[in-house]
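Readers should treat all values here as calculations from the given coordinates under stated rules, not as data from a laboratory. Quick caveat: nothing in here was measured; it's all calculated off a predicted structure. Cβ coordinates were reconstructed from backbone atoms using ideal geometry, including for glycine residues, and neighbour counts include every protein chain displayed.
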Amino acid sequence: MKPIKEVVNDSEWQKLRLSFIGTWKTSPTENILKLREYIGDGSDPLKVRRIHNYLTGSAFRIGIISHQEITKFLNEVKQLKRI
């Protein structure tokens, strides 16, 4: 398994991740749409891992950031991770 530094070393992912700062409380649905676009068909295991790691980070895990669309998408990502 790749070290996390290598996993997140992707300019497209970093740009997307930075675009979410301060937006989850006001536009969670739009953010999920961006994540869905980024992950595409889910065939890239690195994209799946990046998103899974992101959505299971502390702010999401302890409920600071929460929304039904986030929960739904995270469950979909978890299914992709198992494939």
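Couple of notes before you dig in:
- Here is the figure for region 54-83: residues that are closer than 21 Å to residue 2 by Cα and surrounded by fewer than 13 Cβ atoms within 10 Å (Cβ to Cβ) total 5.
- Out of 11, 19, sole residue that is more than 13 Å from the chain's Cα centre (by Cα) and either surrounded by 13 or more Cβ atoms within 10 Å (Cβ to Cβ) or of a type in the set (Gly, Ala, Ser) (or both): 11
- Where residue 42 falls short, out of the listed (1) on the phi > 0 side of the Ramachandran plot; (2) not in a loop (DSSP other than H, G, I, E, B): (2)
- Counting the residues of region 11-33 that are more than 14 Å from residue 54 (Cα to Cα) and in a loop (DSSP other than H, G, I, E, B) gives 5.
- Residue within region 37-47 that is surrounded by fewer than 11 Cβ atoms within 10 Å (Cβ to Cβ) and in contact with a Lys or Arg (Cβ under 8 Å, 6 or more places away or on another chain) present: yes
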